[in-house]
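Report on the structure given below.
Each value in this text was obtained by applying a stated rule to the coordinates, not by laboratory testing. In this text, all values refer to a predicted model and were calculated from it rather than measured experimentally. All Cβ positions, glycine included, derive from the backbone under ideal geometry; neighbour counts span all protein chains shown.
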């Protein structure tokens, strides 16, 4: 079981390190298979928190701190509020609605038919929506990536900035889960060793994306967003 979790952690870390999201969608079903969803979500939260922290560290010099702080203005409190509603929200319906919007955004991004304003409002409002959805559904990567993708950042700056914001959201979720007595030493241990495996995958991915053309890379991210969203619609 631990060998499988480490291998999947490496794969999910490489995937999320390459495009900025999707790692949790790979690792969560596997953890759920072994432990059940009630334990899997807190374990995944710890693992993704470490994974995002490592991506921030690997690209630290390129982090757009101003955009990260603007993103967290509403993302931070709404993540905490959303976490309390995790047990009651109709996850299947809301996840599918979210995925439809992400697919539309990604298609328009690839075809060049959408250009969100590169302003503080875009980051702040996008952060608020991401935080609420993250708390309610446990999904944040594709949505926060859509926000940071708007600003045409370099490959590493996009990954590092989005990961820094995601780290703080996962940290808030972990604190909230602890307040709700959903954390223990067993969950912490499993989250730590899966997170370390994801960190190795992140390191390999960051080295890869440095040499990819920025416009090509952004199209790859958008296409991946479409595929991940379609997979979520089918699987939820």
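Percent of alpha carbon pairs in the chain separated by more than 24 Å? Working shown, then result.
On the way: 10673 of 27730 pairs.
Beyond 24 Å sits 38 percent of the P(r) for the chain.
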Projected-area average for the stretch 174-236 over all orientations - Cα convex hull basis, square nanometres = 6.6
key: Angle in degrees between helix 120-137 and the longest Cα principal axis of the chain, rounded to the nearest 10   = 30
request  = Quick one: check the C-alpha center-to-center distance for the stretch 39-84 versus the stretch 136-178, whole angstrom.
outcome  = 5
ask   = How large is log10 I(q)/I(0) at q = 0.20, 0.27 Å⁻¹ when the Debye formula is applied to the Cα atoms of the stretch 1-53, each weighted equally and without solvent?
value = -0.61, -1.07
message = Sort 159-170, 39-50, 142-153 by packing, meaning the average of other beta carbons within 10 Å per residue, with the highest value first.
response = 159-170, 39-50, 142-153
